[in-house]
Amino acid sequence: MTVRLEVMPAGAWAGEVASRLLAALDANRGMRLVLPTGDTPSPVYAELAARAADRFGEAVVLGLDEWVGLPAHDPARCDGRLRRELLDRLVAPPAFREIAVDAFPSPDRAAREHDVHAQAGLDLVVLGLGGNGHVGFNEPGSTPTSPTRVVRLAEATLDASVERYGATLRPSGGITLGMDRILAAGAVWLLATGSRKAAILARALHAPESPECPASFLRRHPALTVFADEPAAVRLGVSG
Ligand code: GLP
């Protein structure tokens, strides 16, 4: 197991992660990458929107996860949030394969269709870290072989949809890229910021691998980089 851990001061974190992403894009203009939503990546997207210019133009961005049961323009929707915070602000936006939850007769079908896009290959998967150890919507109980699918969400995750992301109603579930696809990607980046994530990040990186903390399985990936700010890394026994 080799986890590359990069710890930075909170004030430098977003700019540094944005720089790394731009460097990765410059090295592979046609990159196929998965981007998360949530509060963690927002400041990275603000940096990218200001600095990326046309550097995403040949890339393909795939959605990581999506709520089921929210209307198309709900403020919490992951597709809308990624468009608002990043894609719509780029001079030359990438192709965007969102999880097309409204385009198919059932969420199951939308999950299967998304998996077809993921199966075509992923160069990089960027992830946030849920407070309960979830990645995407791979909630506790997920294993390394969990596929792209419709999931029942943890109560804390549903609470967050309304309380933190402003959902106008409580979602009925979620669709997530599977752990299988995440672990098969060329590289995985796990983002974590703030003291709120310190305990779960330490568990993900140091406790025995377990379905109770799906992020712990990321350590199996041969090219995992963790980008943490100092408050999130405080329990890891390292300094930046
Ligand atoms: C959400 C999303 C994840 C996200 C995580 C952390 O529920 N499904 O993709 O990475 O939880 O969110 P935040 O960055 O807002 O703490």
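Among residues of segment 19-45 that are closer than 20 Å to R84 by Cα and more than 10 Å from the ligand (Cβ to nearest atom), those with a beta-carbon under 9 Å from a residue that is at pLDDT below 95 and open to solvent by less than 40 Å² (accessible area, probe 1.4 Å) at least six positions away or on a different chain give the pairs L21/A52; L22/A52.
Residue-wise test of (1) at positive phi; (2) open to solvent by 60 Å² or more (accessible area, probe 1.4 Å).
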| site | (1), (2) |
| --- | --- |
| A53 | yes, no |
| E58 | no, yes |
| G63 | no, no |
| A72 | no, no |
| V101 | no, no |
| Q119 | no, yes |
| L122 | no, no |
| L127 | no, no |
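Taking segment 176-207 as the search range and keeping residues that are touching a Leu at 6+ places or on another chain (Cβ under 8 Å) and part of a loop (DSSP other than H, G, I, E, B), which one is surrounded by the most Cβ atoms within 10 Å (Cβ to Cβ)? Filtering segment 176-207 for residues that are touching a Leu at 6+ places or on another chain (Cβ under 8 Å) and part of a loop (DSSP other than H, G, I, E, B), the one surrounded by the most Cβ atoms within 10 Å (Cβ to Cβ) comes out as L177.
Cβ separations smaller than 8 Å between residues 6+ apart or across chains give the following pairs from segment 96-120 residues that are without any contact (Cβ under 8 Å) to a residue 24 or more places away in the chain and more than 25 Å from F56 (Cβ to Cβ) to residues that are open to solvent by less than 30 Å² (accessible area, probe 1.4 Å) and not in a loop (DSSP other than H, G, I, E, B): F104/A110. From the list A18, A24, A92, the one residue that fits, being out of contact with any strand residue (DSSP E or B) (no Cβ under 8 Å at 6 or more places or on another chain), under 24 Å from A232 (Cβ atoms) and either open to solvent by less than 30 Å² (accessible area, probe 1.4 Å) or not in a strand (DSSP E or B) (or both), is A18.
Could you identify the single residue in A111, A228, A160, A118 that is part of a helix (DSSP H, G or I), hydrophobic (A, V, I, L, M, F, W, C), at pLDDT 95 or above and within 27 Å of A10 (Cα to Cα)? Break it down into steps so the answer makes sense when it comes.
Details: A111 fails: within 27 Å of A10 (Cα to Cα); A228 fails: part of a helix (DSSP H, G or I); A118 fails: within 27 Å of A10 (Cα to Cα).
Checking each option against the conditions leaves just A160.
The values are calculated or read from the model by the stated rules, or taken from the named source; none is laboratory data. Everything numeric here is computed off the predicted structure, so don't read it as measured data. Counting neighbours? That spans all protein chains shown, and the Cβs are built from the backbone with ideal geometry, glycine included. For the accessible areas, the whole protein counts, side chains as well, though only heavy atoms, and no ligand, DNA or RNA atoms are used. Shrake-Rupley method; radii C 1.70, N 1.55, O 1.52, S 1.80 Å.
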